[in-house]
Each structure stands twice: as C-alpha cells, then as structure tokens.
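One structure below.
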Amino acid sequence: MNLPIPYPDPMPLPAPVWLLRTLLLLTFFLHVLFMNCLLGGTAVALVCTMRRKSSAFSARLAGDIGRLLPSVFAFTITLGVAPLLFLQVMYGHLLYASSILIGVPWLAIIGMVILAYYGSYFFSLKGHEPNGKTTVVLALVVLLLASIAFVYSNNFTLMLAPERWLDLYHSNASGWNLNWLEPSLLPRYLHFVLGALAVSGLGLLVMGLRQREDGYRQWLIAQGSSLFTGTTLLNFGVGFWFLVKLPGPVRLAFVGGNGLATALLGVGMLLPLAAVAHLIMAKAHKSPTRQLAIGISCGLLTVAAMVIMRDVLRNLALAPRFSPNQLPVAPQWSIIVLFVLLFVAGLATLYYMLRKVAIATMMQVAAAQKLQ
Amino acid sequence: MNYPVWQLGFPGGLLIAAVAVLHVFISHFAVGGGAYLVLTERRAYARNDSEMLGYVRHHSKFFVLLTVVLGAVTGVGIWFTIGLVSPEATSSLIHTFVWGWAIEWVFFFVEIAAALIYAYHWDTLDRQTHLIVGWIYFVAAWASLVVINGIITYMLTPGRWLETGNFWDGFFNPTYWPSLCIRTVMAMGLAGMFGLVTAMWERSPLRERVVRWAGWWLVLGIASLLPLSRWYFHDLPSYSRAYFNGAYIAVRHSLRGAAVCAVVALLLTVVFALLRPKMMNPVVVAVLLVAGFGVMGSGEYLREFCRYPYVINSYIYANDVRVGQMEGIVANGVGKSSSWVEASAENPQAYGRQLFVIECASCHSVSGYRAMRRFTRGWDAKFGSEILLHLPVVRETMPPFAGDEHDRAALGSYLASLAPATPSGASEKELGQQVFAIHCALCHSVGGQRRPLDLKGTDPEAIVGIIGTLRDINPDMPPFTGTDAEGRALAVYLSSPSQ
C-alpha cells in the first residue's frame with residue numbers, strides 16, 4: 001500500500017541525531033516531571049478541597065499546592081517548548097501531517113492551556129480558603145489538563161500510524177478528528193495519567209521531607225506514599241494492557257525481540273517496584289528520610305526509563321518506514337557552541353536568582369523565629 | 001502539497017494573523033514592560049516615592065498575569081498554528097533556525113523565571129537584588145526578541161542565505177536591524193500604554209504622576225516609529241516596495257489605518273498624559289489600546305503582504321509549494337506530486353476543488369475573505385484554465401500555478417463553476433462593458449491606473465482584430481474565450497468607453 005507519508009524536509013539536519021535525541025529526551029524528561037506534578041498536583045488539590053471540611057491537613061495542602069501551581073504551570077510550558085522543537089527537527093513531517101488531521105483539538109490545546117493557566121492562578125490566590133467556587137474552578141482545571149493530555153496522546157499515536165491518515169482526511173478534512181481507531185490509545189493515556197498521579201505522590205513526599213511541622217510532615221509523607229504506591233501498582237495492570245495493545249512487531253520487540261527495548265521494559269518494571277518497596281520500608285523506620293530518598297530516586301529513574309522507552313517505542317513503530325538516522329546531517333557547529341554557552345549562562349543566572357531567593361527566604365524565616 | 005490541508009472554510013493565513021497579532025501585541029509589551037518595571041522601581045527608590053513603588057508592585061502582578069500566561073501561551077500558539085497552516089514552511093524554518101530557537105528558549109526560560117521571582121519576591125529580596133532580577137528579566141526578554149527578529153525578517157529578506165544556506169547570512173539579513181529597532185521602540189511604547197492601563201487603578205495624585213511618566217514612554221515610542229519605518233521601507237526588496245504604489249487596496253487601507261492610529265495615539269497621549277494628566281480616563285486608555293493594536297496589526301499585515309507571493313522569499317511560495325519543486329510539479333502534475341489529491345477524469349470539477357484547496361485556499365476562500373466568487377464571475381472553463389497560466393501577471397502577489405495541463409483544466413473548470421453568469425446588456429456597449437469586467441478587468445482598467453487600456457476612438461473592427469490575436473501581441477495575455485458577439489461588443493465598448 002502506498003502511504004501518504006510526506007517527504008522529510010530536504011534540508012539536512014542541523015545537528016547530529018545523537019545530540020538532537022539527547023536534548024529531546026533530557027528536556028522531555030524535565031517537562032514530564034513538571035507536567036506530572038501539574039496534572040497530578042491539581043487532581044490532589046481537588047480531592048483536598050473536597051475534603052477540606054473533614055481534614056485540616058487537606059485544606060492546608062490545597063493551599064500549599066495552590067501557591068506552587070502557577071510556577072509549576074509556567075515551567076511545564078517552558079520545558080515543553082524545547083522537546084517539541086527537537087521533535088519537529090527529526091520527526092516534523094510526521095507530526096505536521098497528524099496534527100493537521102486533528103487540527104481542531106490540536107489547536108484547542110492552546111485555548112485550554114490558557115484557561116487552565118488562569119484557573120490555576122485563580123486557585124493560587126483563593127486556594128488557601130477553599131470553597132465551592134474554588135472547587136469548581138479547580139475541577140475545570142483538572143478536566144482541561146486531562147483533555148490536553150488526551151489530545152497529545154492522540155497526536156503522538158497518530159503520527160506513528162500513516163496507514164490511518166487518508167481515511168481520516170477523507171472522512172473529515174476540517175480537523176475534527178481524533179485517533180479513536182488506535183488500539184493502544186486508551187491504555188497509553190491511562191498509563192501516562194496514572195504515572196502523573198504517581199509522580200505527584202513523589203512531589204508530596206518531597207514537600208513532606210521539607211516540612212518542619214511534624215504532624216503535617218507525617219501526613220504528607222503518608223499521603224504521598226499511598227498515592228505513589230497505589231497508582232504505581234495499578235499502573236502495572238494498565239501497562240500490561242498497553243503492551244498487549246501495541247502493534248505485533250513492536251510488542252514482540254519489548255518482550256525479547258529487541259535487546260534494548262526488553263531491557264528497558266525490565267528496568268521500567270524493577271525501578272517502580274524498588275521505589276514501592278522503599279516507601280513501604282520507610283513506614284517501619286523511625287527516621288525514614290534515607291528510605292524515602294531512595295524511593296523518590298527510584299521513582300524519578302522510573303520516569304527517565306519511561307521517557308527513553310517511549311522514544312524506543314516511537315522508533316520501533318516507525319522502523320519499517322522511517323528513521324532520523326536516514327536523514328543527511330550538516331551540523332551548524334558555530335551556533336551549537338553558542339547555544340551551549342548561553343545554556344550554561346542561563347543555568348548560572350537561574351542558579352543566581354534562586355540562590356538569592358533561598359537565602360533571603362531563610363533570613364526572613366530566621367528573623368521571624370527570633371521575634372517569636 | 002506534501003501535506004494534507006486543514007480545510008477551515010476560510011484562509012488559514014487569517015488564523016495565523018489572529019493568533020500572531022494578539023501574541024505580538026502582548027509579547028512586545030513583555031519586552032518593553034521589563035524596562036518600564038525596573039526603571040519605574042528605580043525612580044521610586046531615587047525619589048523615595050513609596051506610592052509609586054506600590055504602583056509598580058501592582059503593575060508587576062498585572063504584567064505577569066498578562067505576559068507569562070497569555071503572551072507566552074499565544075507564542076506557542078503561533079507555532080501550533082503555522083505548523084497546521086504552512087507545514088512545509090514551518091519545517092524549513094525549524095531546519096534552518098532550530099539552534100536560534102533553542103537559544104531563544106534559553107532566554108525564554110530565564111525570562112519566565114525572572115518575571116515570577118520579580119513579581120512575587122518584592123518582600124523577600126533586598127532592593128538591589130530585586131532590581132538586578134528586573135534587569136535580568138528585561139535583558140532576557142529583549143534577547144529573545146533579538147533572536148526571533150532574525151527569523152521573522154529572514155522570511156521576507158533572506159539575503160545571501162539563498163546562495164550560501166548559512167545560518168548567519170539568513171539571520172543578519174537586510175531588514176534585520178531596522179526591524180529590531182522598530183520592534184524595540186514599539187515595545188517601549190506598549191510598555192507606556194499598559195502602564196496607563198494599571199495607572200487607572202490608582203488614586204490621585206499618584207495617578208497623574210504615573211500617567212505622565214507612562215505617557216513619555218508612549219510618546220517616544222510612537223514618535224520614533226516614523227523615521228524607523230522609512231529606514232525599514234528603504235531596505236525592503238524592490239518588488240515589495242512596488243506594492244505601496246497604490247494599486248493594492250489592502251495596502252492602502254493598512255497604511256492609512258496605521259497612520260491614523262499612530263496620530264490618534266500620539267495626540268491623545270500628548271494631551272491626556274503629558275499636558276492634562278488629570279483628564280486621563282479609562283475611555284481614553286481603551287482608545288489608546290485599540291489604536292496601539294491598530295498600529296501593530298497594520299504593521300504586521302503589511303510585513304506579511306510584502307512577502308507575497310512567498311512565505312519565505314524566493315524559497316517557498318505562500319501556498320507552501322517550494323520554488324525548487326515547481327518545475328517537477330508542472331511537468332508531472334499534482335496527482336503524481338501529492339498523496340492528498342485523487343485525480344478524477346470523470347469529475348474534473350471535483351478534482352479542481354481539491355486543487356483549489358491545495359493551491360489557493362491558504363489565501364482565498366470561495367465566498368468569504370478574498371472570495372474567488374468575486375473574481376471568477378462569468379468565467380468559462382477555458383478562460384479559467386488560460387488565466388491560471390498567467391497568475392503572477394494578473395497579480396504580482398500570486399505564485400505561479402503548480403500543475404500540468406490536466407490540472408489547469410480541472411481547476412479552471414472548478415473556478416468557472418463558482419459564479420456562472422452570462423454577460424448581457426440592453427445595448428452592445430453595455431454588453432461590452434460586462435465582457436470587459438469578466439475577461440479584462442483582472443489586469444486592466446479603462447481610464448484607471450492599473451494597466452490602462454486606451455483604445456478610445458479606434459475603429460471597433462480593428463479592435464476585434466486585436467482581440468483575436470492577444471497572445472501574439474503579448475504572450476502574457478490569455479486568448480479571448482468569449483463568443484464572436486461578445487468580442488464585437490467588447491470592441492464597441494473599448495472604442496467609446498465614456499458613458
């Protein structure tokens with residue numbers, strides 16, 4: 001069958017594939033961490049606002065998450081721009097085609113992000129005194145974020161399935177489509193959403209470890225542990241469903257057919273088990289910080305493994321037809337060096353500003369304690 | 001042609017314009033507003049003006065809510081939109097400038113972090129550090145403009161890049177510097193404009209102090225625009241400068257609109273901000289915002305118009321067809337060049353519609369914006385097919401038709417079907433006038449500026465002879481495809497066109 005795959009851009013890639021892929025995966029990993037904290041965090045905050053009357057800690061956590069939301073939102077977006085850029089260089093011809101086919105929901109992402117973003121600001125201003133209105137706004141934010149994630153799942157599966165493109169185009173050329181025919185769509189989406197909830201559980205653990213007040217600290221750690229453990233165990237089932245629904249050759253690659261894919265799947269299953277085991281062990285410890293830190297690290301490494309696995313899955317799905325390694329390369333080294341220098345300078349500037357804020361905040365806390 | 005076409009029912013360019021103008025309006029404020037914040041804060045410290053300091057604090061919150069949310073997300077929105085409407089050009093831009101964008105991303109990241117720290121740590125940071133964070137914000141925001149300006153101007157004037165393909169040749173192109181200067185002063189002007197917005201929430205006498213201070217920013221921004229625009233105009237490609245000769249109504253209207261908006265904004269600011277700041281009120285501020293939006297929108301529209309018939313000058317046409325592929329498409333036909341059309345010998349009009357979507361719909365709609373029905377009224381299929389051979393002559397802003405003879409016939413047939421009409425008239429002259437409107441008025445006028453036809457007093461029989469040999473007279477002319485009676489009526493009209 002002749003598939004309508006657009007030809008890749010005739011210009012050579014402006015950097016070696018390894019560099020583009022490294023930057024894609026690194027920035028996507030950071031994006032996913034923030035995005036998971038955003039999606040999972042707003043869901044947690046929503047539950048907390050609904051429980052605000054029966055649990056003082058819940059009300060407090062809703063307020064604490066509210067204060068963090070705008071910044072987490074800002075960095076989710078900022079960190080999302082970079083992987084989208086590097087993805088377009090290597091896979092743009094596939095992504096543009098699938099985006100056009102689902103043009104309406106794809107562009108609606110922008111409107112949904114703006115609404116959710118302003119909703120999160122509203123919650124950050126009012127979240128410390130949650131009421132019915134803040135609950136409704138937050139529920140809308142959660143719904144919008146979940147919808148955005150769903151559209152992303154649609155596009156990133158559709159870009160791998162050119163055999164479906166012409167039918168979609170002929171059935172609706174105005175972009176009112178979704179990739180419903182993709183067997184792995186729902187398990188993939190659920191796998192990622194549950195993962196987001198699990199990572200927000202890690203976020204609660206970090207908040208707990210940074211908390212000085214003992215009761216609230218214990219509560220946050222308990223909640224974070226339960227959230228991570230529960231959703232992760234559930235995700236094993238959903239992950240299996242996802243695996244089963246992958247196209248035959250890709251599925252086989254993950255269960256022995258391809259060394260890297262199989263190893264990644266193994267690591268991707270062992271790491272969350274290790275994380276869960278350490279979080280359970282932490283419950284029995286008097287000073288659980290070490291166990292929790294190992295649990296959190298294993299959780300973060302799981303995310304890293306999943307990000308790499310997702311990339312391997314994409315390349316396996318495209319393997320018969322396309323690989324970025326086929327493309328000609330003509331690196332623009334002078335500008336790459338400039339980028340690296342500015343990137344380091346940017347990190348240094350960020351470090352300078354955050355350090356100043358941290359020192360100033362510590363001094364303020366110390367001064368307030370002195371006064372008491 | 002390489003991609004499917006998102007069929008919106010209106011030209012995709014309109015969608016890009018809507019998202020882009022909103023983004024550009026806010027993002028320029030985001031740049032100039034950084035300098036405004038930090039200089040206003042410094043001024044408040046220097047004068048020990050705690051009220052003014054209170055104003056800057058409020059303004060910084062407004063600033064973040066508008067720029068970090070709406071400004072930043074609509075910026076991503078432009079990316080999404082251009083990828084949907086002009087994927088070929090977007091891909092080309094990404095391949096040429098991915099590292100420019102990566103650098104812009106670094107500045108964007110620093111900018112967002114600095115904006116949040118600046119707005120939310122007034123009480124945490126000491127004055128000097130807070131000011132430094134403000135400066136970091138401004139430098140990062142302006143640096144992101146420095147980068148994106150190179151990419152935007154490259155699309156209009158790629159300069160030596162066309163020969164070398166070198167990043168820096170494309171980036172520092174002929175309109176880079178005037179455009180950067182224009183955008184910078186626009187940014188400063190918009191900072192003053194939004195300064196006036198938040199000033200309306202303050203009480204007197206602080207309100208007057210802020211209004212006068214913000215007014216200066218706006219006045220200097222607008223006043224600098226005229227000389228800088230002349231510099232920019234001077235560096236435009238000569239074919240683009242020719243669009244300003246009065247032949248294009250859209251250009252005339254945009255120029256007038258921009259000038260009127262700028263003058264109104266300048267006068268209102270001088271009177272209500274500098275001379276009588278007590279009289280400044282939310283209605284005047286709203287008019288100023290509309291005027292500012294008008295200047296910005298008109299400017300961006302004109303810049304885009306200057307690029308026609310290309311989206312990347314001399315490299316990719318406005319309909320996303322690559323200049324380098326034109327020859328192959330003309331030789332092989334669209335059917336062999338695109339997977340997204342289905343050639344049909346039985347139903348040429350249906351095939352023609354697909355060609356319209358793929359070749360014309362990025363700028364034209366059937367009956368809305370730049371409606372084809374308006375242009376094709378009374379066409380016959382043969383005329384439609386012939387005129388497609390001469391598109392860049394009909395309008396300098398049009399790309400040549402990409403397709404073979406079969407494609408041309410199909411699209412011509414479809415275009416002719418949009419507004420069928422048979423010319424008729426009470427007199428031969430009236431009929432001739434209608435025939436002129438259908439067959440000649442796309443390129444010519446009688447007694448007008450656009451390629452005037454002056455055959456007054458010529459023997460109609462001689463004109464009939466001319467009409468029969470148009471292609472011999474000028475190969476850029478399509479043959480006359482009307483009936484003999486219509487040709488004769490046209491000759492009568494041209495011989496004595498006065499009423």
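The values are calculated or read from the model by the stated rules, or taken from the named source; none is laboratory data. Fair warning: this is a prediction, and the values are worked out from it, not measured in the lab. Every residue, glycine as well, gets a Cβ built from its backbone with ideal geometry; the counts of neighbours run over all protein chains shown. For the accessible areas, the whole protein counts, side chains as well, though only heavy atoms, and no ligand, DNA or RNA atoms are used. Shrake-Rupley method; radii C 1.70, N 1.55, O 1.52, S 1.80 Å.
Give the residue, chosen from B:Phe401, B:Phe375, that is under 30 Å from B:Trp6 (Cα atoms), surrounded by 15 or more Cβ atoms within 10 Å (Cβ to Cβ) and modelled with pLDDT of 95 or more. Of B:Phe401, B:Phe375, the one residue that is under 30 Å from B:Trp6 (Cα atoms), surrounded by 15 or more Cβ atoms within 10 Å (Cβ to Cβ) and modelled with pLDDT of 95 or more is B:Phe401. Test B:Phe194 against the stated conditions and say whether it is open to solvent by less than 40 Å² (accessible area, probe 1.4 Å), aromatic (Phe, Trp, Tyr) and within 14 Å of chain A (Cβ to nearest Cβ). Answer is no for this residue.
Just the residues that are surrounded by fewer than 21 Cβ atoms within 10 Å (Cβ to Cβ) and in contact with a helix residue (DSSP H, G or I) (Cβ under 8 Å, 6 or more places away or on another chain), please, taken from the stretch B:387-396. Full working, then the answer.
If we filter the stretch B:387-396 for residues that are surrounded by fewer than 21 Cβ atoms within 10 Å (Cβ to Cβ), which is where we start, we get B:389-396.
Selection gives B:Leu389, B:Val394, B:Glu396.
Within the stretch B:454-467, residues that are open to solvent by 50 Å² or more (accessible area, probe 1.4 Å) and of a type in the set (A, V, I, L, M) reach partners that are modelled with pLDDT under 90 and part of a helix (DSSP H, G or I) with beta carbons closer than 8 Å, at six or more positions or on different chains, in the pairs B:Ile466/B:Ile473.
Residue pairs whose Cβ atoms lie under 8 Å apart, separated by 6 or more positions or on different chains, with the first residue in the stretch A:2-26 and of a type in the set (Val, Ile, Thr) and the second in a strand (DSSP E or B) and open to solvent by 40 Å² or more (accessible area, probe 1.4 Å), are A:Val17/A:Val329.
Residues in the stretch B:470-499 that are open to solvent by 20 Å² or more (accessible area, probe 1.4 Å) and either aliphatic (A, V, I, L, M) or touching a strand residue (DSSP E or B) at 6+ places or on another chain (Cβ under 9 Å) (or both): B:Leu470, B:Ile473, B:Met477, B:Ala485, B:Val492.
Mind checking which helices (runs of 4 or more DSSP H) fall wholly inside the stretch B:152-249 and carry at least 2 residues that are of a type outside the set (Val, Ile, Thr) and touching a strand residue (DSSP E or B) at 6+ places or on another chain (Cβ under 8 Å)?
In the stretch B:152-249, there are no helices (runs of 4 or more DSSP H) which contain 2 or more residues that are of a type outside the set (Val, Ile, Thr) and touching a strand residue (DSSP E or B) at 6+ places or on another chain (Cβ under 8 Å).
Among the helices (runs of 4 or more DSSP H) confined to the stretch A:77-173, the ones with at least 1 residues that are facing chain B (nearest Cβ under 10 Å) and under 27 Å from A:Ser184 (Cα atoms) are located at A:103-126, A:165-171.
Among the conditions (1) part of a helix (DSSP H, G or I); (2) within 11 Å of chain A (Cβ to nearest Cβ), B:Leu125 misses just one, which is (1).
Results for (1) closer than 26 Å to A:Gln291 by Cα; (2) surrounded by 15 or more Cβ atoms within 10 Å (Cβ to Cβ); (3) in contact with a Pro (Cβ under 6 Å, 6 or more places away or on another chain), shown as yes or no for each residue.
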| site | (1), (2), (3) |
| --- | --- |
| A:Gly201 | yes, yes, no |
| A:Val206 | yes, yes, no |
| A:Arg210 | yes, no, no |
| A:Asp214 | yes, no, no |
| A:Phe228 | yes, yes, no |
| A:Gly248 | no, no, no |
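The condition of being open to solvent by less than 10 Å² (accessible area, probe 1.4 Å) and either under 30 Å from A:Ala222 (Cα atoms) or of a type outside the set (Ser, Thr, Tyr) (or both) holds for only one of A:Ser58, A:Ser71, that being A:Ser58. Just one of the listed residues (A:Ala43, A:Ala97) is over 22 Å from the mean Cα position of the chain (by Cα) and either closer than 25 Å to B:Ala141 by Cα or open to solvent by less than 30 Å² (accessible area, probe 1.4 Å) (or both), namely A:Ala97.
Which one of these is within 14 Å of another protein chain (Cβ to nearest Cβ) and assigned to a loop (DSSP other than H, G, I, E, B): B:Ala402, B:Ala345, B:Ala350, B:Ala361? Show your work before the answer.
Details: B:Ala402 fails: within 14 Å of another protein chain (Cβ to nearest Cβ); B:Ala345 fails: within 14 Å of another protein chain (Cβ to nearest Cβ); B:Ala350 fails: assigned to a loop (DSSP other than H, G, I, E, B).
Criteria check complete, one pass: B:Ala361.
Being in contact (Cβ under 8 Å) with a residue 60 or more places away in the chain, more than 11 Å from every other protein chain (Cβ to nearest Cβ) and either on the phi < 0 side of the Ramachandran plot or among the basic types (Lys, Arg) (or both) is a property that B:Glu88 lacks.
With respect to A:Leu20, is the statement that it is farther than 30 Å from B:Leu8 by Cβ and either within 14 Å of chain B (Cβ to nearest Cβ) or touching a strand residue (DSSP E or B) at 6+ places or on another chain (Cβ under 6 Å) (or both) true?
yes
In the set (1) part of a helix (DSSP H, G or I); (2) open to solvent by 50 Å² or more (accessible area, probe 1.4 Å), the condition left unmet by A:Pro320 is number (1). Kindly check whether there is at least one residue in the stretch A:278-294 that is touching a residue at least 40 places away in the same chain (Cβ under 8 Å), closer than 20 Å to A:Phe156 by Cβ and assigned to a helix (DSSP H, G or I). So far as the stretch A:278-294 goes, no, none of its residues is touching a residue at least 40 places away in the same chain (Cβ under 8 Å), closer than 20 Å to A:Phe156 by Cβ and assigned to a helix (DSSP H, G or I). Taken over the stretch A:108-165, the residue count meeting the criterion of being open to solvent by less than 20 Å² (accessible area, probe 1.4 Å), at pLDDT below 95 and small (Gly, Ala, Ser) is 1. Selection of the stretch B:23-44 for residues being in contact (Cβ under 8 Å) with a residue 24 or more places away in the chain and farther than 24 Å from B:Val110 by Cβ yields only B:Arg43. Out of curiosity, is B:Asp472 out of contact with any Asp or Glu (no Cβ under 9 Å at 6 or more places or on another chain), modelled with pLDDT under 90 and within 23 Å of B:Gly384 (Cβ to Cβ)? It is true that B:Asp472 is out of contact with any Asp or Glu (no Cβ under 9 Å at 6 or more places or on another chain), modelled with pLDDT under 90 and within 23 Å of B:Gly384 (Cβ to Cβ).
Hey, among A:Thr262, A:Thr232, which residue is of a type outside the set (Phe, Trp, Tyr) and touching a Pro at 6+ places or on another chain (Cβ under 8 Å)?
A:Thr232
Taken over the stretch B:261-289, the residue count meeting the criterion of being surrounded by 14 or more Cβ atoms within 10 Å (Cβ to Cβ) and within 20 Å of B:Val24 (Cα to Cα) is 7. Every residue in the stretch A:209-250 that is in a loop (DSSP other than H, G, I, E, B) and not acidic (Asp, Glu), please. Listed by number, the residues that qualify are A:Gln211, A:Arg212, A:Leu246, A:Pro247.
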